[in-house]
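The values are calculated or read from the model by the stated rules, or taken from the named source; none is laboratory data. This structure is a prediction, so every number in the text was calculated from the model and none was measured. Positions of Cβ are generated from backbone atoms using ideal geometry, with glycine treated the same way; all protein chains shown enter the neighbour counts. In case anyone asks, the SASA skips ligands and DNA or RNA and just uses the protein heavy atoms, side chains included. Shrake-Rupley method; radii C 1.70, N 1.55, O 1.52, S 1.80 Å.
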Amino acid sequence: MKKDLLYEGKGKKIFATDREDFLIAQFKDDLTAFDAAKKGFEKGKGALNCQISAQLFELLEKNGVPTHYVKKLSENEMLIKRAEMIPIEVVVRNIATGSLTKRLGIPDGTVLPFTLVEFYYKNDDLHDPIINDEHAMILELAQNEAELEELKRLGREVNAILKPFFDGRDLILVDFKLEFGKDRTGKIILADEISPDSCRFWDKNTGEKLDKDRFRQDLGNVKVAYEEVLKRVLQ
Ligand code: UDP
């Protein structure tokens with residue numbers, strides 16, 4: 001069933017299958033931050049991200065968000081639908097932290113007055129710069145403005161589902177990054193992953209960071225934090 005390796009990214013390997021429309025995503029144990037200038041390894045991290053992502057994709061599908069997720073195949077592998085990836089990182093923010101505080105001087109932890117959706121151009125050589133709709137159109141990252149509006153709508157929709165889901169599990173969904181692709185009919189579907197590598201979670205009671213910031217900021221206990229997120233997702 002699993003065939004050639006098609007692509008290897010920082011967090012996942014993508015394999016072909018014997019069916020043209022389906023691929024296998026294998027989640028890696030590698031950790032990278034700051035444009036891969038910082039590298040690490042955490043045995044079992046890939047399996048945790050795979051399980052967390054699978055649960056969240058299932059939740060989103062149940063709530064009407066189309067995703068590339070088909071089913072889990074093993075601890076660290078899932079079957080996904082083939083999609084032509086859109087090279088835009090859609091970042092959704094509820095609370096200011098990270099690059100937003102640095103760029104605009106908004107104090108860390110400020111609750112934003114509304115959900116902020118940003119686009120970043122997925123391009124390693126350019127270090128994933130922030131872009132607006134017009135940049136996206138000039139770069140031909142989308143076919144028309146309606147597609148960009150659809151990315152924003154889906155970003156807000158995912159937030160509207162995940163924010164209360166995590167709140168009920170005593171986790172604050174601070175911000176997260178989504179990637180989308182087009183299936184063979186041209187429909188925009190959610191792809192990539194939703195995990196502590198791509199989201200920020202703060203414990204509602206203690207404020208403790210339970211995501212990749214533990215690696216970025218050398219806070220230790222990276223795997224323990226990811227295990228805690230999985231436990232709460234499954235609760
Ligand atoms: N993020 C990501 N991949 C990236 C950049 C950001 O998954 O290449 C996520 C990050 O984990 C956070 C959100 O997007 O949940 C916003 O990140 P931010 O722009 O604050 O970037 P950072 O401070 O991590 O550089």
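Given (1) surrounded by 13 or more Cβ atoms within 10 Å (Cβ to Cβ); (2) touching a strand residue (DSSP E or B) at 6+ places or on another chain (Cβ under 8 Å), identify the lone condition not met by Ile52.
(2)
Can you find, within segment 135-170, the residue that is farthest from Lys204 (Cα to Cα) among those that are of a type in the set (S, T, N, Q) and open to solvent by less than 70 Å² (accessible area, probe 1.4 Å)?
If we filter segment 135-170 for residues that are of a type in the set (S, T, N, Q), which is where we start, we get 143-144, 159.
The next check asks that each one be open to solvent by less than 70 Å² (accessible area, probe 1.4 Å); those that pass are 144, 159.
Details: Asn144: 40, Asn159: 17 Å.
Taking the candidates together, the pick is Asn144.
Of the conditions (1) more than 16 Å from the ligand (Cβ to nearest atom); (2) surrounded by fewer than 21 Cβ atoms within 10 Å (Cβ to Cβ), Lys38 fails just one. Which one is it?
Against the list (1) more than 16 Å from the ligand (Cβ to nearest atom); (2) surrounded by fewer than 21 Cβ atoms within 10 Å (Cβ to Cβ), Lys38 comes up short only on (1).
Which residue is surrounded by the most Cβ atoms within 10 Å (Cβ to Cβ), if the candidates are limited to segment 111-130 and must be away from the ligand (no atom under 11 Å from the Cβ), of a type in the set (A, V, I, L, M, F, W, C) and within 23 Å of Asp35 (Cβ to Cβ)?
Per the criteria, the residue is Phe119.
With (1) away from the ligand (no atom under 13 Å from the Cβ); (2) in contact with a Ser or Thr (Cβ under 9 Å, 6 or more places away or on another chain); (3) within 30 Å of Phe22 (Cβ to Cβ) as the list, and Arg153 as the residue in question, which single condition is left unmet?
Arg153 satisfies all of (1) away from the ligand (no atom under 13 Å from the Cβ); (2) in contact with a Ser or Thr (Cβ under 9 Å, 6 or more places away or on another chain); (3) within 30 Å of Phe22 (Cβ to Cβ) except (2).
Just to check your reading of the model, which residue among Val224, Val229, Val233 is aliphatic (A, V, I, L, M), at pLDDT 95 or above and either within 12 Å of the ligand (Cβ to nearest atom) or open to solvent by 20 Å² or more (accessible area, probe 1.4 Å) (or both)? Lay out the reasoning, then the answer.
On the way: Val229 fails: either within 12 Å of the ligand (Cβ to nearest atom) or open to solvent by 20 Å² or more (accessible area, probe 1.4 Å) (or both); Val233 fails: either within 12 Å of the ligand (Cβ to nearest atom) or open to solvent by 20 Å² or more (accessible area, probe 1.4 Å) (or both).
Step by step, each of Val224, Val229, Val233 is checked, and only Val224 is aliphatic (A, V, I, L, M), at pLDDT 95 or above and either within 12 Å of the ligand (Cβ to nearest atom) or open to solvent by 20 Å² or more (accessible area, probe 1.4 Å) (or both).
Considering segment 183-208 alone, what residues qualify as being away from the ligand (no atom under 12 Å from the Cβ) and either surrounded by fewer than 18 Cβ atoms within 10 Å (Cβ to Cβ) or without any contact (Cβ under 8 Å) to a residue 40 or more places away in the chain (or both)?
In the first step, residues of segment 183-208 are kept if they are away from the ligand (no atom under 12 Å from the Cβ); the result is 183-191, 203-208.
Selection gives Asp183, Arg184, Thr185, Gly186, Lys187, Asp203, Lys204, Asn205, Thr206, Gly207, Glu208.
Could you tell me how many of the residues in segment 209-221 are open to solvent by less than 40 Å² (accessible area, probe 1.4 Å) and either more than 16 Å from the ligand (Cβ to nearest atom) or assigned to a loop (DSSP other than H, G, I, E, B) (or both)?
Just the residues of segment 209-221 that are open to solvent by less than 40 Å² (accessible area, probe 1.4 Å), to begin with: 210-215, 220.
Retained after the next criterion (residues that are either more than 16 Å from the ligand (Cβ to nearest atom) or assigned to a loop (DSSP other than H, G, I, E, B) (or both)): 210-212, 220.
Counting residues in segment 209-221 that are open to solvent by less than 40 Å² (accessible area, probe 1.4 Å) and either more than 16 Å from the ligand (Cβ to nearest atom) or assigned to a loop (DSSP other than H, G, I, E, B) (or both) gives 4.
If you scan segment 143-185, which residues turn out to be more than 20 Å from Asp133 (Cβ to Cβ) and either of a type in the set (Val, Ile, Thr) or assigned to a loop (DSSP other than H, G, I, E, B) (or both)?
Of everything in segment 143-185, those that are more than 20 Å from Asp133 (Cβ to Cβ) and either of a type in the set (Val, Ile, Thr) or assigned to a loop (DSSP other than H, G, I, E, B) (or both) turn out to be Ile161, Gly168, Arg169, Asp170, Ile172, Val174, Asp183, Arg184, Thr185.
Restricting to segment 58-110, name every residue that is of a type in the set (D, E, K, R) and within 16 Å of the ligand (Cβ to nearest atom).
Kept after step one, since they are of a type in the set (D, E, K, R), are these residues of segment 58-110: 58, 61-62, 71-72, 75, 77, 81-82, 84, 89, 93, 102-103, 108.
The answer is Glu89, Arg93, Lys102, Arg103, Asp108.
More than 14 Å from the ligand (Cβ to nearest atom), surrounded by fewer than 21 Cβ atoms within 10 Å (Cβ to Cβ) and aliphatic (A, V, I, L, M): does that describe Ala47?
On the way: more than 14 Å from the ligand (Cβ to nearest atom): yes; surrounded by fewer than 21 Cβ atoms within 10 Å (Cβ to Cβ): yes; aliphatic (A, V, I, L, M): yes.
The answer is yes for Ala47.
Within segment 87-98, does at least one residue satisfy the condition of being free of Cβ contacts under 8 Å to residues at least 24 places away in the same chain and not hydrophobic (A, V, I, L, M, F, W, C)?
Here is the first cut: in segment 87-98, the residues free of Cβ contacts under 8 Å to residues at least 24 places away in the same chain are 96.
Applying the additional criterion that residues be not hydrophobic (A, V, I, L, M, F, W, C) yields none.
No, segment 87-98 contains no residue that is free of Cβ contacts under 8 Å to residues at least 24 places away in the same chain and not hydrophobic (A, V, I, L, M, F, W, C).
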